[in-house]
Structure formats: structure tokens, C-alpha cells
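Visitor: Dropping the structure in here first, questions after.
The values are calculated or read from the model by the stated rules, or taken from the named source; none is laboratory data. Worth saying up front: this structure is predicted, and the values here are computed from it rather than measured. Note that each Cβ is placed from the backbone with ideal geometry, even for glycine, and that neighbours are counted across all protein chains shown. Ligands, DNA and RNA are excluded from the accessible area calculation, which covers all protein heavy atoms including side chains. Shrake-Rupley method; radii C 1.70, N 1.55, O 1.52, S 1.80 Å.
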Amino acid sequence: MEDCIFCKIVKGEIPSAKMYEDEEICIFKDVAPIAKVHLLCVPKEHFAYLSELNGAREALLGRTLGKIAKLAPALGLEEGYRLVINQGENAGQTVHHLHIHILGGEPLKWE
Ligand code: 5GP
Ligand code: ZN
């Protein structure tokens, strides 16, 4: 996707603070953090919504959650963390490339 900001981050075309990268995902710092640790985990493949999942993407998402769990202590999340996936307008999704917000580094409020 030519105009997708997260595709550009994945390709290194715009700078980001990358914390982890492998052949299928990338984790980088959110530019406007709402918690002490606020990271974004994105699949390298561009798709916007969970409604676009297929077998391969479901497996990718499963592996991704496992990777986040393994990486958590090294990312400063040893005391716990919250994962958020905003979907669509009511959730306030602003970037239409699927991403998992990883929040932690401090006690998180739950309203
Ligand atoms: P959404 O609201 O779509 O779930 O989340 C998009 C997130 O992307 C927001 O938290 C926003 O701060 C972050 N973001 C938007 N543009 C950039 C950028 O260019 N670089 C980084 N690192 N984060 C971005
Ligand atoms: Zn994209």
C-alpha cells in the first residue's frame, strides 16, 4: 500500500524506534505514547481489519501473540501489559494497517 504510514515504517522509508523485527512482524515505539511503554506491533503484510483474516493471517496473529509474550520481559513489560486492536471508526482507528497496541510499564487504568 503506497500511502500507508506503517508500510513505510516496515520498509524503513520513514524513521521509527524499532524494538523488534523478524520476517513477518515489526514492533516499534508509538510516536504519541499513552503509557510509559507504548509499542505498536504490526504484521509486515498490509491488511487493515480483522475481518480480512484468512487461514494464513490467523496463524500469523497467533504466532504474533506468542512472540509478544516471549518478548515482554525484554520490552519492560515484566509486570504485565495490555494489548489493544482498534477496529474502525467507533474505536478511533486512525491507521488502516492492522496493529496491536502494547501498553504497560506502569499500572494501567481501566475505566
Ligand atoms: P490507532 O488509533 O489507529 O489504533 O493507532 C494508531 C497509532 O499510530 C496511534 O497511537 C499513533 O500515535 C501512532 N502513529 C501514527 N503515526 C505514527 C508514526 O508515524 N510513527 C509512529 N511510531 N507511530 C505513529
Ligand atoms: Zn500498510
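Visitor: Just to confirm a number: summing +1 for Lys and Arg and -1 for Asp and Glu over residues other than Glu24 whose beta-carbon lies under 11 angstrom from that of Glu24, what do you get?
Guide: Every neighbour counted, the sum reads 0.
Visitor: Can you give the relative contact order of the chain as a percent, counting alpha carbon pairs under 8 Å and 6+ residues apart?
Guide: RCO, the chain: 32 percent.
Visitor: Suppose accessible area is computed on protein heavy atoms with a 1.4 Å probe; arrange Glu58, Glu21 from highest to lowest.
Guide: Output order, biggest surface exposure first: Glu58, Glu21.
Visitor: If the cut-off is a Cα-Cα distance under 17 Å, which lysines reach Lys29, setting aside same-chain residues fewer than 8 apart in sequence?
Guide: Hits, sequence-local ones excluded: Lys8, Lys11, Lys18, Lys44, Lys67.
Visitor: To continue, here is another question. So what does the Cα-only Debye profile of the range 60-111 read at q = 0.21, 0.23 Å⁻¹, as log10 I(q)/I(0), no solvent term?
Guide: The computed values of log10 I(q)/I(0) come out as -0.87, -0.97.
Visitor: What nm distance separates the two modelled labels at Arg63 and Glu21, each placed 7 Å from Cα along Cα→Cβ?
Guide: 1.8 nm
Visitor: Rounded to the nearest 20 debye, what is the charge dipole size of the range 5-104 about its Cα centre when +1 sits on each Lys and Arg Cβ and -1 on each Asp and Glu Cβ?
Guide: Computed charge dipole of the range 5-104: roughly 160 debye.
Visitor: Looking at Val31, Ala56, Cys7, which one has the Cα that reaches farthest to the positive end of the dipole of the range 5-104 (charges on Cβ: Lys, Arg +1; Asp, Glu -1)?
Guide: Sorting the options by dipole projection puts first Val31.
Visitor: Which order do peptides 85-94, 45-54, 5-14 fall in by mean Cβ count within 10 Å, highest first?
Guide: 5-14, 45-54, 85-94
Visitor: If you count only protein heavy atoms with a 1.4 Å probe, what accessible area per residue comes out for the chain, rounded to a whole Å²?
Guide: Result: 61 Å² per residue.
Visitor: Label 7 Å along Cα→Cβ of Ile14; the range 78-111 residues with amide nitrogen under 16 Å?
Guide: Under cut-off, by backbone N: 94-99.
Visitor: Here's something else I'd like to know. Compare the Cα positions of Leu75, Asn90, His46 along the charge dipole of the range 24-111 (+1 at Cβ of Lys, Arg; -1 at Cβ of Asp, Glu; about the Cα centre) and return the one farthest towards the positive end.
Guide: Leu75
Visitor: Something else: Pairing rule first: another cysteine's C-beta must sit under 4.7 Å. Under that rule, which cysteines of the chain stay single?
Guide: Lone cysteines by the Cβ rule: Cys26, Cys41.
Visitor: For the range 52-111, give the magnitude of the charge dipole about the Cα centre (Cβ charges: +1 Lys/Arg, -1 Asp/Glu; no others), in debye to the nearest 20.
Guide: On the way: 6 positive and 7 negative charges, 49 e Å.
Dipole magnitude for the range 52-111 comes out near 240 debye.
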